[in-house]
Amino acid sequence: MNTNKNEKFSATTQMQDGACTVFLNGELDLSVAPDFRQVMEPLVGDGNLDLIINLKDLKYIDSTGIGILLSILKVRHGMNAQFYVREVPDQIQKLFEMTGISKFFASQENSQ
């Protein structure tokens, strides 16, 4: 497990069975976007790995964080590589629905 941590945000990666799960904790906003990008950059381009983002412990996400998730989705789709967003907290799911992006993540919630 690798962890990238600052006071209000952390991203922990866990490799298992050809998949990489990234657990996000805290608040994903403009101020921590470079930290999140640094964690994700080497993972996004690896088409041999299924990439899973777990939002269970994410308390807040702003438009910058949503933009990063969408850019990851676009890159992974272009590579025909798997990308899942799992365990989305209710308040973040509401935001995804309001912004119209829930349709890109909803069907992936329980996929394995």
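Observations on the structure shown:
- Taking the inverse of the mean 1/r over every pair of distinct Cα atoms in region 2-105 gives a Kirkwood hydrodynamic radius of 13.6 Å.
- Under the criterion of Cα pairs below 8 Å and six or more residues apart, the relative contact order for region 2-105 equals 24 percent.
- Region 2-105 - share of DSSP beta bridges that are antiparallel (%, nearest 5): 50
- Pairwise FRET efficiency - Gln16 versus Asn80, Cβ, R0 = 22 Å, nearest 0.05: 0.50
Read-outs: derived from the displayed coordinates by stated rules, not from any lab. A quick note: this is a predicted structure, and the numbers were derived from the prediction, not measured. Quick reminder, even Gly has a Cβ in these numbers, built from the backbone with ideal geometry, and neighbours come from all protein chains shown.
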